[in-house]
Amino acid sequence: MRLKEVLSVLSKSSPYAVSTERKQAISKSLDDLKDYLYIKTEIEDDFRQYLTALSPTDKKIIFLCGSSGDGKSEILTRYSRDFSTRAKFHLDATHSFSPSDNAIQTLDHLFSEFESGSHPLVVGINIGMLSNYAEEGDVESIKEAIKLFLEGKETDSNFIFLDFESYPKFELNAEGHASSFAKSILEKITAPNENIIRQYFDMELQAIDKDKKLCTNYQLLSLPEVQDRIIDILFKARLMKDQFLTARTLLDFINTLLAGDSYLFDNLFEPSDNELSSKIVEFDPSNLRTSNIDKFILSLSLGLLDEEFDEYASFLSSEFGIRRTKNPYSYLRLFYLLKDTDLGNGYHKKFSFDFSESLLDRYSKTWNLHNKYDGNPEDKKSLRLFYRDTLIAAIHRYNNRNATNLDKGQFLISSHNGYQVVTEVDIKPDLNNIRTKKESSPSTFTAFVKLNDKTVEVPVNINLLNLMESIVNGYRPNKHDKNTVVLLDEFADELSQIAAHSKTLLIVRGNKHYKVSQVDEDIEVSGV
């Protein structure tokens with residue numbers, strides 16, 4: 001068996017992409033490979049604990065729920081073999097066992113049988129199917145439990161919901177971001193020892209008709225720095241494109257990187273039918289434009305002499321088998337991927353600054369400031385700076401985009417025939433609430449702002465942080481920002497509602513300022 005065939009197990013079109021209760025192996029070698037690739041996860045540990053705590057007479061249901069491809073069937077298939085006498089397993093709630101029944105009717109039969117029986121039940125089910133059953137199912141007690149779970153409320157202890165979404169695939173900490181899930185899979189595939197795939201790679205290298213490009217790609221993926229770079233990109237796709245990472249999409253993505261038509265660095269940014277690739281293509285570093293990058297593109301396109309690059313290209317050819325090309329965009333992608341490596345004469349490091357991921361770093365830092373804040377004076381100072389220079393500055397500029405004459409602390413409420421109705425709002429961070437609120441997901445953090453005496457929550461994701469920083473630097477949002485600017489609009493609306501109840505308003509027209517104040521039941525006007 002050749003390396004490419006072995007890697008096909010990773011593909012979403014492989015019969016191994018979905019686990020079922022097979023009685024006969026498709027291929028002993030590929031079955032062994034699939035077992036080798038299996039990685040135990042935190043949700044599996046929790047599932048096992050709940051399962052082993054069940055007695056055969058417990059009237060409990062364990063719902064293992066999530067999205068398609070996140071590994072529900074794999075876990076259930078493994079445990080159904082050993083625990084089938086302790087609980088009834090229903091591996092896939094989208095399936096029906098009768099041509100005359102749909103999935104909801106099948107679940108009705110299953111849940112009715114559970115209601116009248118005295119045995120525990122384990123069900124693998126997608127979140128979408130849970131919602132459907134909550135609306136269309138017949139077994140009321142289970143419908144109610146599902147509704148409570150979907151609304152984020154506490155359920156009866158006889159209904160256990162284990163949701164993959166509650167186990168984030170990425171972690172944020174003081175050192176930055178990481179994904180132990182993705183890193184474990186990449187390390188398994190490329191491990192130097194006791195690795196089935198590595199054995200096939202070694203045989204491929206010795207073959208007379210070896211697949212040179214596939215071997216090059218495997219060598220590149222074996223570099224820890226390249227793996228970390230790929231995880232950076234996956235994290236960006238999660239934060240900026242809201243792309244979930246499931247076991248199936250990740251394995252298929254890795255197969256695309258290795259066995260695609262081009263070198264790994266081009267496969268990474270070229271469109272394919274993989275969900276992750278379709279989002280990552282927008283992060284192509286060869287689309288960046290800096291004077292340094294433009295100079296390289298021009299130099300290579302014109303064939304200008306660059307002895308340092310010649311030496312570097314020769315190294316890539318001898319060490320990794322990467323054929324020299326006149327395509328500067330492929331090299332830029334490779335430089336981006338190798339950014340943190342020490343290879344050859346280090347020519348790729350000339351572009352490190354051009355490929356810096358400062359937005360990711362700033363988001364990680366701000367997320368940690370909010371979620372780790374315990375009153376530390378240094379962190380308090382950093383939080384105050386973030387609110388003053390970014391969040392409050394951005395909302396001031398955005399709200400007053402048609403009233404640039406207003407001073408700090410003044411907010412436009414409305415305009416009428418050239419007159420601006422303005423109010424002053426005391427706006428500052430609510431440090432007490434920041435201290436108590438902790439997020440489990442790295443996708444957002446919650447900013448707390450005090451508008452006069454009222455606290456307002458602002459969910460901030462990386463796109464909103466980027467937009468706020470851009471606004472502070474003079475950017476005017478347009479139709480391309482509509483998905484993000486809606487978050488800022490909601491905050492601006494809240495601000496306007498609170499500001500409108502102020503007892504003092506300013507009426508501004510040109511250089512004229514009139515102050516209108518409510519004093520008891522009277523209105524006092526000054527500045528006339």
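Among the residues of the stretch 190-203, is any over 18 Å from G69 (Cβ atoms), surrounded by fewer than 19 Cβ atoms within 10 Å (Cβ to Cβ) and in contact with a strand residue (DSSP E or B) (Cβ under 9 Å, 6 or more places away or on another chain)? Checked the stretch 190-203: no residue is over 18 Å from G69 (Cβ atoms), surrounded by fewer than 19 Cβ atoms within 10 Å (Cβ to Cβ) and in contact with a strand residue (DSSP E or B) (Cβ under 9 Å, 6 or more places away or on another chain). Checking the stated criteria, Y79 turns out to be aromatic (F, W, Y) and open to solvent by less than 50 Å² (accessible area, probe 1.4 Å).
Out of the residues in the stretch 493-506 meeting the condition of being open to solvent by less than 40 Å² (accessible area, probe 1.4 Å) and out of contact with any Asp or Glu (no Cβ under 8 Å at 6 or more places or on another chain), tell me which one is modelled with the lowest pLDDT. Full working, then the answer.
Within the stretch 493-506, the subset open to solvent by less than 40 Å² (accessible area, probe 1.4 Å) is 495-496, 498-499, 502, 506.
Imposing the further condition that a residue be out of contact with any Asp or Glu (no Cβ under 8 Å at 6 or more places or on another chain) reduces the set to 495-496, 498-499.
Working: L495: 84, S496: 81, I498: 82, A499: 77.
Residue satisfying both the conditions and the ranking: A499.
Counting only residues that are out of contact with any Cys (no Cβ under 9 Å at 6 or more places or on another chain) and open to solvent by less than 50 Å² (accessible area, probe 1.4 Å), how many does the stretch 158-167 have? The qualifying residues number 3.
If I ask for residues that are surrounded by fewer than 17 Cβ atoms within 10 Å (Cβ to Cβ) and not aromatic (F, W, Y), which ones from the stretch 404-419 would you list? Full working, then the answer.
Within the stretch 404-419, the first condition is being surrounded by fewer than 17 Cβ atoms within 10 Å (Cβ to Cβ), and the residues that meet it are 404-405, 407-409, 414-419.
Those that are surrounded by fewer than 17 Cβ atoms within 10 Å (Cβ to Cβ) and not aromatic (F, W, Y): T404, N405, D407, K408, G409, S414, S415, H416, N417, G418.
Could you go through the stretch 114-125 and let me know if any residue there is open to solvent by 50 Å² or more (accessible area, probe 1.4 Å) and in a loop (DSSP other than H, G, I, E, B). Within the stretch 114-125, one or more residues are open to solvent by 50 Å² or more (accessible area, probe 1.4 Å) and in a loop (DSSP other than H, G, I, E, B).
Considered as a group, the residues in the stretch 204-214 that are outside any loop (DSSP other than H, G, I, E, B) and free of Cβ contacts under 8 Å to residues at least 24 places away in the same chain include one that is surrounded by the most Cβ atoms within 10 Å (Cβ to Cβ), and that residue is L205. Candidates in the stretch 311-331 are the residues that are assigned to a helix (DSSP H, G or I) and among the charged types (D, E, K, R); of these, the one that is farthest from the chain's Cα centre (by Cα) is E311.
Exactly one residue out of S272, S277, S222, S299 is open to solvent by less than 10 Å² (accessible area, probe 1.4 Å) and either polar (S, T, N, Q) or within 17 Å of E187 (Cα to Cα) (or both): that is S277. Going by the conditions given, is D252 within 16 Å of the chain's Cα centre (by Cα), assigned to a helix (DSSP H, G or I) and of a type in the set (D, E)? Considered against the rule, which asks whether it is within 16 Å of the chain's Cα centre (by Cα), assigned to a helix (DSSP H, G or I) and of a type in the set (D, E), D252 comes out as no. If you check E490 against the conditions, is it open to solvent by 60 Å² or more (accessible area, probe 1.4 Å), among the acidic types (D, E) and under 24 Å from Q420 (Cα atoms)? So E490 fits the description; yes.
Of all residue pairs spaced 6 or more apart or on separate chains, those with beta-carbon atoms under 7 Å, a first member in the stretch 508-526 that is under 22 Å from G418 (Cβ atoms) and modelled with pLDDT of 80 or more and a second member that is of a type in the set (V, I, T) and not in a strand (DSSP E or B) are Y514/V528. The residue pairs whose first member lies in the stretch 341-359 and is touching a residue at least 40 places away in the same chain (Cβ under 8 Å) and hydroxyl-bearing (S, T, Y), whose second member is open to solvent by 30 Å² or more (accessible area, probe 1.4 Å) and in a helix (DSSP H, G or I), and whose beta carbons are closer than 6 Å, counting only pairs six or more residues apart or on different chains, are T341/E225.
Based on this model, can you work out whether R248 counts as touching a residue at least 60 places away in the same chain (Cβ under 8 Å) and open to solvent by 50 Å² or more (accessible area, probe 1.4 Å)? Break it down stepwise before answering.
On the way: touching a residue at least 60 places away in the same chain (Cβ under 8 Å): yes; open to solvent by 50 Å² or more (accessible area, probe 1.4 Å): yes.
It is true that R248 is touching a residue at least 60 places away in the same chain (Cβ under 8 Å) and open to solvent by 50 Å² or more (accessible area, probe 1.4 Å).
Has the stretch 85-106 got at least one residue that is modelled with pLDDT of 90 or more, under 23 Å from V9 (Cβ atoms) and of a type outside the set (A, V, I, L, M)? Looking through the stretch 85-106, none of the residues is modelled with pLDDT of 90 or more, under 23 Å from V9 (Cβ atoms) and of a type outside the set (A, V, I, L, M).
From K479, K450, K438, which residue is of a type in the set (K, R), more than 17 Å from T366 (Cβ to Cβ) and surrounded by fewer than 16 Cβ atoms within 10 Å (Cβ to Cβ)?
Numbers: K450 fails: surrounded by fewer than 16 Cβ atoms within 10 Å (Cβ to Cβ); K438 fails: more than 17 Å from T366 (Cβ to Cβ).
Just a single option satisfies the conditions, and that option is K479.
The values are calculated or read from the model by the stated rules, or taken from the named source; none is laboratory data. Because the structure is a prediction, the values reported are computed rather than measured. A quick note on method: Cβ atoms are made from the backbone with ideal geometry, for glycine too, and the neighbour counts reach across all protein chains shown. The area values use the complete protein model at the heavy-atom level, side chains included, leaving out ligands, DNA and RNA. Shrake-Rupley method; radii C 1.70, N 1.55, O 1.52, S 1.80 Å.
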